[in-house]
Amino acid sequence: DAGVTQSPTHLIKTRGQQVTLRCSPISGHKSVSWYQQVLGQGPQFIFQYYEKEERGRGNFPDRFSARQFPNYSSELNVNALLLGDSALYLCASSLWTGVNQPQHFGDGTRLSIL
Amino acid sequence: TQLLEQSPQFLSIQEGENLTVYCNSSSVFSSLQWYRQEPGEGPVLLVTVVTGGEVKKLKRLTFQFGDARKDSSLHITAAQPGDTGLYLCAGAAGGTSYGKLTFGQGTILTVHP
């Protein structure tokens, strides 16, 4: 079975631009979460979606938004990019939103802001 | 705000040595997960511990969840070069936090042949 797939794998943008990152969960998984991992740190929670509804939001500005589609895939949008948005953006899927549900991560999108 | 303090941040050892990585918090977690991450890849789940005092073994890796569910440890016996990587602990708070994971800052392990 295919794992969590993310696209693109790498992306270079300039300050002020907008970016859309995409995630396809493992087949049958209905929950998708997004994390930001800055170099040298652990991932930080951005959003969780389940059944197309937002179920959790981390401490990120309103420039960050996301949505989940009927096929459970998801997009993360970031507007007005800043240099500090340079990071690895990880998507994780799980069967549902239960607290002990194991989360399976994709290999991420490496976003570089110039 | 829940925080997970992971130590040590860096660990460089010789093949065959034993090591322990610690993950501590002042908050209670419903469960704690350990991940390993290779460069250029996403974290891969190693284990989930749920019950206070729980011990799980995965070959040469032993994971323990503290009795109060505030801390955890990962012990590797007879480390091998293939164990090299970034080890991350992550706690799930439960309640309305659903599946949100709070990660520690990670431990970079290097095992020299």
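The values are calculated or read from the model by the stated rules, or taken from the named source; none is laboratory data. What you see is a predicted model, and the numbers here were worked out from it, not measured in a lab. All Cβ positions, glycine included, derive from the backbone under ideal geometry; neighbour counts span all protein chains shown. Note: accessible area is taken over every heavy atom of the protein model, side chains too, but ligands, DNA and RNA are not part of it. Shrake-Rupley method; radii C 1.70, N 1.55, O 1.52, S 1.80 Å.
Below are the figures for this structure:
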| quantity | calculated |
| --- | --- |
| Per-residue SASA entry for A:Asp107, accessible area with 1.4 Å probe, Å² rounded to 10 | 90 |
| Positive-end extreme of charge dipole, the protein assembly as shown - chosen from B:Thr84, B:Tyr35, A:Tyr72 (charges on Cβ) | A:Tyr72 |
| Over chain A - Rg/Rh using Cα atoms and the Kirkwood inverse-distance radius | 0.95 |
| Rel. contact order, % - alpha carbon contacts under 8 angstrom, at least six apart, segment B:1-97 | 35 |
| Rounded accessible area of B:Glu17 (nearest 10 Å², 1.4 Å probe) | 80 |
| Contact order normalised by residue count of segment B:40-113, Cα under 8 Å, 6+ apart, percent | 21 |
| Dipole magnitude of the protein assembly as shown, debye to nearest 20 (Cβ charges: Lys/Arg +1, Asp/Glu -1, about Cα centre) | 380 |
| Radius, Kirkwood style, for segment B:1-107 when every pair of distinct Cα atoms is counted (Å) | 13.9 |
| Projected label distance in nm at A:Leu83 and A:Ile12, using a 7 Å step from Cα toward the beta-carbon | 1.7 |
| Percent antiparallel among DSSP beta bridges (both partners in segment B:13-113, rounded to 5) | 95 |
| Segments B:102-113, A:64-75, A:30-41 sorted - mean Cβ within 10 Å per residue, highest first | A:30-41, B:102-113, A:64-75 |
| Carbon + sulfur, % of accessible area of chain A - ligands and nucleic acids excluded, 1.4 Å | 50 |
| Fraction of accessible area attributable to carbon and sulfur, chain B (%, probe 1.4 Å) | 51 |
| Cα-centre dipole for segment A:18-77 with unit charges at Cβ (Lys and Arg positive, Asp and Glu negative), debye to 20 | 40 |
| Neighbourhood charge, 12 Å Cβ-Cβ cut-off, centred on B:Glu38 and excluding it, Lys, Arg +1 and Asp, Glu -1 | -2 |
| Inter-chain shielding of B:101-109 (mean C-beta neighbours from other protein chains, 10 Å cut-off) | 4 |
| Averaged over A:29-42, number of beta-carbon atoms from partner chains that fall within 10 Å | 3 |
| Label-zone membership for segment A:59-84, site A:Glu51, 7 angstrom Cα→C-beta point, backbone N under 17 Å | A:68-73 |
| Difference of contour (0.36 nm per residue) and Cα-Cα distance, B:Ala78 to B:Ser27 | 15.2 nm |
| Label point at B:Thr110 placed 7 Å out along Cα→Cβ; residues across segment B:37-68 whose backbone nitrogen lies under 15 Å | B:39 |
| Lys, Arg +1 and Asp, Glu -1 on Cβ, resulting dipole of segment A:8-114 about Cα centre, debye, nearest 20 | 140 |
| The protein assembly as shown: Lys pairs at Cα distance under 24 angstrom, eight or more positions apart or on different chains | 7 |
| Summed side-chain charge close to A:Arg57 - residues other than A:Arg57 whose Cβ falls under 14 Å, Lys, Arg +1, Asp, Glu -1 | +1 |
| For the pair A and B, total buried accessible area rounded to nearest 100 Å², probe 1.4 Å | 1700 |
| For residues of A:100-109, the mean tally of beta carbons on other chains within 10 Å | 6 |
| Computed Kirkwood radius, in angstrom, where 1/r is averaged over Cα pairs of segment A:1-61 | 13.5 |
| Rough spin-label spacing in nm, given labels placed 7 Å along Cα→Cβ, for A:Arg63 and B:Glu38 | 3.4 |
| Solvent-accessible heavy-atom area per residue, rounded to whole Å², over chain A at 1.4 Å | 47 |
| Two-decimal Rg/Rh across the protein assembly as shown, once Rg and the Kirkwood Rh are taken from alpha-carbon atoms | 0.97 |
